[in-house]
1. So what J values fall out for the stretch 110-124 if you push phi through Karplus, 6.51 cos²θ - 1.76 cosθ + 1.60 with θ = phi - 60°, rounded to Hz, Gly and Pro as x?
2. Along the Cα-to-Cβ line of residue 58, 7 Å from the Cα, sits a label point; which residues in the stretch 81-106 have backbone N less than 19 Å from it?
3. Restricting things to alpha carbons, tell me how big the stretch 45-142 is in terms of Rg and Dmax, in Å.
4. Scan around residue 91 for amide H atoms under 5 Å from its own, H built in the peptide plane at 1.01 Å from N, and keep only partners 5 or more places away or cross-chain.
5. Using θ = phi - 60° and the Karplus relation 6.51 cos²θ - 1.76 cosθ + 1.60, list the HN-Hα couplings for the stretch 58-75 in order, rounded to whole Hz, with x at every Gly or Pro.
6. At 222 nm, what value in deg cm²/dmol follows for the chain if DSSP H runs of at least 4 each add -39500 (n - 2.57) and the sum is divided by all its residues, to the nearest 500?
7. Using the Karplus equation 6.51 cos²θ - 1.76 cosθ + 1.60 (θ = phi - 60°), what ³J(HN,Hα) coupling, rounded to whole Hz, does each residue of the stretch 83-90 give in order, writing x for Gly and Pro?
8. Over its Cα atoms, what ratio of radius of gyration to 2.2 N^0.38 Å does the stretch 1-110 give?
Amino acid sequence: MAIAHADRPPAALVVELRELADSRRKPAITTLDNLLFDTMVHIQDIAVPLGRPAAMPLDAAREGAGRVWRMGWPFWARRRLRGLRLTATDVDWTVGEGAEVRGPVHALLLLLTGRTGAALPRLSGPGVQRLSADRTRPASGR
């Protein structure tokens, strides 16, 4: 659906964005508990590929990371990242057990929400090797 939508002429997309810019309706499957981290992550979905900085407020990113870690669907972060200990280097936040993955909380939030490629350059620690290997392994081998 997103691919078909993106195939529309840029002018039509701009018109649609302008029409929706003042809307305060939340997306159908987004809850109020998820709205802040969802917005911060989707801003990064745009900013990172464009090479544009878009800072996340530290407290909000920490709360978002905690929320994603606690929830199951759609990210399954605890299951996907089993065997890793995630440690934020800019706020007091650590979850999991195992090989450590360290980095700024915004990068950990991207990792938790499945944006591993965007997160990896900002992460360090022994667990990063596993994350890199997981990205290159065929889906059937995961």
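1. Result, ordered by residue: 5, 4, 4, 8, x, 8, 4, x, 6, 7, 3, x, 9, 10, 9 Hz.
2. Once the point is set 7 Å along Cα→Cβ of residue 58, 86-95, 102-106 turn out to lie under 19 Å by backbone N, inside the stretch 81-106.
3. Looking at the stretch 45-142, its Cα Rg and Dmax stand at 12.8, 37 Å.
4. So residue 91 has HN proximity to 105.
5. The phi angles translate into 4, 4, 5, 5, 4, 5, x, 4, x, 4, 5, 4, 6, 7, x, 4, x, 9 Hz.
6. On the way: 8 runs with 74 residues, N = 142.
The helix contribution divided over the chain gives -15000 deg cm²/dmol.
7. Ordered by residue, 3J(HN,Hα) equals x, 10, 10, 9, 10, 6, 9, 10 Hz.
8. Values: Rg = 16.3 Å, N = 110, 2.2 N^0.38 = 13.1 Å.
Ratio of Rg to 2.2 N^0.38 Å for the stretch 1-110: 1.24.
Values quoted throughout were computed directly from the atomic coordinates according to the rules given, and no laboratory measurement underlies them. Computed from a prediction, not measured in an experiment: that's the story for all the values here. Note that we place each Cβ from the backbone using ideal geometry, even for glycine, and neighbour counts take in every protein chain shown.
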